[in-house]
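Reading through the C-alpha cells given below for one structure.
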Amino acid sequence: MKIRRFQFLTSLSLLLIFSLFPSFSRAQNNPTFTLKELVQQARDNSPAALRAKNRKENSFWQYRLFRSNYNPQLRLTGTIPQYYQSYNQITQPDGSIEFLEVKQNLMDLGLGLEQVIGATGGTVSVNTSTTRFDNFLSYPGEPKTQYSGVPVSVALQQPIFAYNVYKWDKKIEPLIFEESQRAYVKEMEEVSIYVTQLYFEYLIAQVNSEIATSNLNNTENIFTIEKKRNEIGVTPEDELLQVELQVLNAQQEMAEAQLELESAAFSMNSFIGLNQSSKLNLISPENIPDFEVDVDRAIELAFQNRAEAIGFDRQKIEAASALAQAKGQRFQVMLNARYGYNNAALNFPDIYQNPNTQSLVSLGLSVPILDWGRNKARMSMAMANQDLVENTLAQEKITFEQEIFTKVKNFLMIKERLNVTKVSDDVAQRRYDIALRRYQTGNVTISNLNIAQNEKDSNKRAFYTSLRDFWMAYYELRSLTLYDFENDQLLYVPEKQ
C-alpha cells in the first residue's frame, strides 16, 4: 500500500508540474510592459542605443587623445645596432683612389622629455643621448671603440607669426567633445521616440485585434438573433443576408488585425532585442503627466543644452581658425635654440667627466617674394568663408528657434486634443452599449446599430492615435530641449573638465 501511495503521489506531482509548465512558459514568452519600461528596455539593449554608446565612447577617447597633446612626452629613441661592412672608395692625398674594407658598428640611444607650449605653439625639450662607435678593422694602437654623448641639453623650437594649432585646438576640441556628449543624450531621446512609435503601432494593432474580436462576437450574436427573427417572419431574407455578410467581413477584419499584430510584434522585438517568439502585453499609458511648457522657456533651454547650439559657437571658432591659418601661411619663421653639454671618450663613464658646452641658435625664414596673388587669394577665401559661416549660422539660429516654437505649440495642441478624444471615446462606447441593448429588445434597427459600432471603433482608434501623438511629442520635446519637463530636471549635466 505504501508503494502504491508513493507512486500515486509521484504521478500526481508530475502531472501538476507538467500542467503548470506550459502556463509558466507562456508567461515567460508574454512579458508585460508599460511605455516607460519598454523605453528603458530599448535604451539599455537596442542596437541603436548600443551604437550611440559606442560613438560616445569614441568621442571620449578622441578627447583624451587631444588632452594628451598638452602633457609632457617622454621618448626613448635609438639605433641598436647599425652594423656596416663594405668596401668604400677612399680618395688619397695624392688624388688617387683606394678601396678599403670597412667593418663598423654604430649604436645610439637618446632620452628626451618634451613639452608643448600651448600659448605660443612651440616645444621645449630636455634631452640626453649616448653614441658608441666600433671599428672592427682598426689599426694596431688605434682605439677599437669610442663613445660620445650629450649628458644634458635643453632645446627650443618656436615658430614665429605662424598658425598655432595648439591654441585653436584648445578652443575647438572641448566644444566638439561637449557636442558629442549632448548628441548622445539626444540620440537616446530619439531612441525613445522611435520605440514609442513602435509601442503604439503594436498597441493600436492590439486594440484593433480586440475591436475585431469584439465585433466578430457581437456580429455572430446578432446573426443568431436575426436568424431566429427570420424564422418567425420578422426579419426579411435580404437583411439576414446583410448580417451574414457582416459576419464574413468581421472574420476578415479579425484575420487582418491578427496579421497586423504579428507584424508589429516582429518590428518591436527586433528593435528592442527581445526574442522574436515573445508576445508582448502592453499597458495603455493613459495616465498623462500634468505639466506646463512655456515656449520662451523651451527655446532658452534648447539654446543652453542642445549640441546644435554649441555647434554654432564651434563653427564660428573654426572659421576664425581657418582665417588665422591662412594668415600664418603668408611666411614662415622658425627659431631653433639649443644649449647643453657634450663630450667624447674612449670609455663610457668618461663622457660625463668635464663635458664641453654645446650651443646652437638658428632662425629659419621662408618668405614668398613673388607668388602671383596666392596669399591674397588664400586670405580672401578664408574671409569669405568666415562671412558665409556667420550668415548661415544666423539663419540656422532662426530656424532652430522656429522649430522649438512650432513643436511646443504642437505639443500643447495635441494635449488638448487628447482630452477631447478621450471624452469622445467614452461617449461613443456608451452610445454603442445602449444601442446594442435597445437592438436586443427590438427598439433599434440593425443599420443604427452598425452606425453606433462604426462610431465606437473610429473614436477608439482616434483616441489611441491622439495618445500616440502625445507621447511621441512628449519625448520629442525632451529631445529638442534636453530637459525633462515632467520632473523639472536637466537630461544632461556637463561634467567638470
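The values are calculated or read from the model by the stated rules, or taken from the named source; none is laboratory data. Everything quoted here is computed from the prediction, not taken from an experiment. For neighbour counting, all protein chains shown are included, and Cβ atoms are generated from backbone atoms with ideal geometry for every residue, glycine included.
Before moving on, here are some points about what is shown:
- Residues in the range 164-205 that are in a helix (DSSP H, G or I) and among the polar types (S, T, N, Q): S180, Q181, S192, T196, Q197.
- E210 being in contact (Cβ under 8 Å) with a residue 40 or more places away in the chain and either within 30 Å of Q258 (Cα to Cα) or assigned to a helix (DSSP H, G or I) (or both): no
- All positions within the range 330-373 that are among the β-branched types (V, I, T), closer than 30 Å to T145 by Cα and surrounded by 14 or more Cβ atoms within 10 Å (Cβ to Cβ): I351
- Count of the range 284-329 residues which are surrounded by 14 or more Cβ atoms within 10 Å (Cβ to Cβ) and assigned to a loop (DSSP other than H, G, I, E, B): 6
Results for (1) in the same structural domain as K415 (by TED's automatic domain parsing); (2) in contact (Cβ under 8 Å) with a residue 40 or more places away in the chain; (3) loosely packed, with under 15 Cβ neighbours inside 10 Å; (4) in contact with a Phe, Trp or Tyr (Cβ under 9 Å, 6 or more places away or on another chain), shown as yes or no for each residue.
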{"site": "A250", "(1), (2), (3), (4)": "yes, no, no, no"}
{"site": "A255", "(1), (2), (3), (4)": "yes, no, yes, no"}
{"site": "Q258", "(1), (2), (3), (4)": "yes, yes, no, no"}
{"site": "L261", "(1), (2), (3), (4)": "yes, yes, no, yes"}
{"site": "S270", "(1), (2), (3), (4)": "yes, no, yes, no"}
{"site": "L282", "(1), (2), (3), (4)": "yes, yes, no, yes"}
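- Answer from G149, G141 - the residue that is at pLDDT below 90 and either part of a strand (DSSP E or B) or in contact with a Cys (Cβ under 6 Å, 6 or more places away or on another chain) (or both): G149
- Filter result for the condition that a residue is assigned by TED's automatic domain parsing to the domain that holds N305 and more than 18 Å from the chain's Cα centre (by Cα), over Q146, Q181, Q197, Q157: Q197
- Of everything listed in (1) touching a Leu at 6+ places or on another chain (Cβ under 6 Å); (2) free of Cβ contacts under 8 Å to residues at least 40 places away in the same chain; (3) surrounded by 14 or more Cβ atoms within 10 Å (Cβ to Cβ), the single unmet condition for D425 is (1).
- Residues in the range 476-497 that are in contact with a Phe, Trp or Tyr (Cβ under 9 Å, 6 or more places away or on another chain) and part of a helix (DSSP H, G or I): 3 in all.
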